[in-house]
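Below: the structure, in C-alpha cells.
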Amino acid sequence: GCVLVVSVIEQLAQWHNSTVKAAMERLCDFIPGKYQIMRHMSRCIDREMNADVVCHSLRLCKQDPGQPLCHLYSPPKKEKHSSGLFCALSYASPKHQIRSKSFMGFSSVCAFPLLANLCEKIKYVLRNKLPFEDFDGDKFSTFPTLRGYHWRGRDCNDKNTTVYPGRRPDNWDAKSDSNCNGIWGVDPKDGVPYEEKFCKGADSKGVILLGDSAGAHFHIPPEWMTVTQMSAKSFANLPMAFSDELDWPQFSEITGFLNSTIGGWTDSLYLRLRKRNRCNHRDLQNISQNVYVPVNIAPYLSFSLARNQLLDNPAIVIYATIGNDVCNGERDTLAHMTTPKEMLSNVVQALRYLDSHLPNGSHVILTGLVDGRFLWDNLHNRYHPLGQLNKDVTYSQLYSFLDCLQVSPCSGWLTPNETLRNLTSERALQLSNVLKEIARSEKFASFDIFYMDFPLRQTAEEWRKMGGEPWQLIEPVDGFHPSQVAAALGTGITWQKALHEWPQVLGKENPFNDQIEAIFKDQGGY
C-alpha cells in the first residue's frame with residue numbers, strides 16, 4: 001500500500017512539475033475525505049528516492065529475518081560491488097528515522113480513524129456474506145453496498161421477512177408485491193391478478209453464483225494510479241468501491257444488472273434470464289468472495305444462501321471457483337493446492353447441501369478452472385499502470401514483488417518459472433475433470449447438473465474478431481482477474497451453449513413480456 005501511494009505522489013509531482021508537497025495536496029483534494037496520514041507522508045518523500053526506499057525507510061515496509069528484501073522498482077544503481085537498494089536504505093534510514101515514528105501506530109488501513117467504522121462493517125459482511133443493513137433478517141436489503149442489493153436482488157419491504165426477491169407470489173400478489181418483481185395488483189378488466197395472468201406457468205427462476213473473486217468481479221480502477229488520467233472524478237466511486245470490497249457484482253458476468261461504469265459493457269446471465277421472462281426481475285444472488293486460497297464453499301452456504309425449498313422459485317446455480325483451488329501466495333504453492341480427492345469431497349458436500357435447500361426443478365452448472373498461463377503469456381512484458389509514465393514497472397516486476405511479499409494472488413501462474421506455470425495448469429485440468437465426472441455420474445433430487453469448461457479460448461477468439469488484443473481481457477491493475485470486456489463476452493458464450501445443449505435450464509420465453517413492461521415499467525426499478 002505504501003509503495004503504491006508513494007509511487008502515485010512522486011509521479012504526480014513529476015507530471016505536474018511540482019513539489020512533493022503540492023502533489024500530495026493535489027492527491028488529497030482528489031480523494032473523498034481528508035486522510036491526514038497521507039499528508040504527513042509528504043514530508044518524508046524525497047523525489048531522488050524511489051517508492052521502495054521511502055517505504056522501507058519509513059518502516060511501513062520491512063524485511064523479516066531470513067526473507068528477501070522485496071522491491072517493486074529496479075534497485076538504484078550504486079557502487080559496482082554494492083547492493084543498490086541496501087545502499088540507498090542505509091543512506092535514507094537516518095534521514096527518516098524520527099519521521100517514521102509517526103506511522104508506527106498504523107499497522108493496517110483500519111487503524112486510520114476515518115476508516116475504522118467502515119472497516120468494522122466490512123469485517124461483518126466478510127464473515128457472513130450477508131447485508132450489513134437488513135432490518136427484517138431475510139438476507140435482502142434496500143442498501144446497495146456492504147453486501148446489499150449490488151449482490152442480491154433489492155428488497156422491496158425490509159420490514160417484512162416474508163417479502164423478498166425469488167419467492168413464489170403470496171396469493172398471486174393481488175394486494176402487494178411479495179416477491180419484489182414489480183408485478184402486483186388485479187386487472188380491473190377481469191379481476192385476475194397480474195402475477196397470475198403473466199407469470200403463472202412461466203417457469204420463473206432465479207440465478208445464484210457460488211464463486212471466487214472473479215465471480216465477485218474484483219476491479220481496481222486504473223485511473224486511481226495513472227497520473228496522466230487522474231482527477232477528482234477518478235476517485236468519485238472510491239467509497240462505494242471499498243464498501244463493496246473492491247468488487248463490482250452489479251456489472252458481473254452472472255449477476256450484473258447495471259450499465260458498466262468501469263469500461264466495456266454489462267451483459268449477464270441474470271439480464272438475459274430477465275429479458276427472456278420479465279417475471280424473473282430481481283431474482284439474483286452473488287455469493288462470491290475475495291479469498292486467494294482453496295475454499296470449501298459448503299460451510300458458508302448455510303448462512304449465506306437465501307432459498308426456501310417450499311416457498312421459493314427454482315434457481316440456476318453457477319458453481320464457479322475458477323482459480324482458488326490452485327491459486328495461493330505460498331512459496332511451496334503446489335503443496336497448498338487442492339487435490340482431486342479434496343475437490344471431490346468439497347464439491348459433493350456443497351451439492352448435498354444445495355439438494356436439501358433448492359426448490360425442485362432447479363439446475364446446477366459446474367464451471368471448470370481457467371488455464372491461467374494466459375496471464376503471463378499476454379502481460380509479463382507489458383507496462384503496468386504504475387510503470388507507464390516512466391516505463392519502469394512491468395507486470396513481471398509486479399508479480400515478483402507480490403510473490404516476494406507472499407501476497408501473490410496466484411504464485412503458480414504469475415511467475416517466470418514456465419515449469420511451475422505448466423504444473424499449475426496441469427492441476428487445474430485435473431480438478432476440472434473431477435467436476436466433469438461429478439456432473440456425469442452424480443444424481444440429485446431437487447436439481448439436474450451440468451458441466452462446462454471456462455470459455456477463455458472462445459472469449460479470446462471472439463475478442464480478436466472484434467479487433468481486440470488478448471491482454472485487454474485481463475484486469476490492468478491486478479493483472480489477474482477477467483476484465484469487464486471478458487465478463488460480457490463470456491456471458492454470450494455461456495448463453496449460446498445453454499441454448500443449444502441445455503435449453504431446459506433457461507426456461508421458455510414469456511409471451512407477456514411486452515405487456516408486463518407496458519403496465520409495470522415504472523414499478524420494477526432495481
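For the reader, a short list of remarks on this structure follows.
- Angle in degrees between helix 84-100 and the longest Cα principal axis of the chain, rounded to the nearest 10: 80
- Of every Cα-Cα pair in the range 397-526, the percent that sits beyond 19 Å: 70
- Taking a ≥ b ≥ c as the square roots of the Cα gyration tensor eigenvalues, the range 469-526 comes out oblate, since a/c reaches at least 1.5 and a/b does not exceed b/c.
- Secondary structure note: in the range 182-332, about 15% of the DSSP beta bridges are antiparallel.
- Vicinal HN-Hα couplings computed from phi for the range 255-260 (Karplus, 6.51 cos²θ - 1.76 cosθ + 1.60; Hz; Gly/Pro x): 10, x, 9, 10, 5, 5
- Net lengthening on full extension, Asn390/Trp265 (0.36 nm per residue, minus Cα-Cα): 41.9 nm
- Among the protein heavy atoms of the range 190-278, carbon and sulfur supply 55% of the accessible surface, probe 1.4 Å, non-protein parts ignored.
- Relative to its Kirkwood radius, the Cα radius of gyration of the range 190-236 gives an Rg/Rh of 1.43.
- Share of Cα-Cα pairs in the range 320-460 lying beyond 18 Å, as whole percent: 61
- Relative contact order (percent, whole number), the range 287-419, Cα cutoff 8 Å, 6+ residue spacing: 32
- Fraction of accessible area attributable to carbon and sulfur, the range 417-526 (%, probe 1.4 Å): 51
- For peptides 204-214, 8-18, sequence by mean Cβ density within 10 Å, most packed first: 204-214, 8-18
- Estimated 222 nm signal from helices in the chain, with DSSP H stretches of n ≥ 4 weighted -39500 (n - 2.57), rounded to 500: -11500 deg cm²/dmol
- The chain - share of DSSP beta bridges that are antiparallel (%, nearest 5): 20
- Linear extension gain, Trp471 paired with Gln515, 0.36 nm per residue minus alpha-carbon span: 11.5 nm
- Principal-axis analysis of the Cα atoms of the chain puts helix 113-128 at an angle of about 40° to the longest axis.
- Computed over the range 222-372, the P(r) curve from all C-alpha pair distances, binned at 10 Å from the origin, holds 9, 30, 33, 21, 6, 0 percent per bin.
- Å² of accessible area per residue within the chain, as computed with a 1.4 Å probe and no ligands counted: 44
- Too-long pairs where the Cα-Cα distance tops 24 Å, listed order kept, from Lys129/Lys497; Lys341/Lys436; Lys121/Lys275: Lys129/Lys497; Lys121/Lys275
- With the convex hull of the Cα atoms taken as the outline of the chain, the averaged projected area works out to 26.2 nm².
- The chain, relative contact order [Cα under 8 Å, separation at least 6], %: 15
- Applying both filters, DSSP loop and at most 10 other Cβ atoms within 10 Å, to the trypsin sites (Lys or Arg not before Pro) of the range 153-196 gives Lys159, Lys189.
- Of the Cα atoms belonging to the range 167-296, the radius of gyration and Dmax stand at 19.1, 63 Å.
- Angle between the chain longest axis and helix 418-441 axis [Cα atoms, degrees, rounded to 10]: 10
- For the range 148-289, averaging the sequence separation of C-alpha pairs within contact (under 8 Å, six or more residues apart) and dividing by the residue count gives a relative contact order of 29 percent.
The values are calculated or read from the model by the stated rules, or taken from the named source; none is laboratory data. These numbers were taken from a predicted model, which means no experiment stands behind them. Note: ideal-geometry Cβ built from the backbone for every residue, glycine included; neighbour counts use all protein chains shown. Keep in mind that these areas ignore ligands, DNA and RNA; they rest on the heavy atoms of the full protein, side chains included. Shrake-Rupley method; radii C 1.70, N 1.55, O 1.52, S 1.80 Å.
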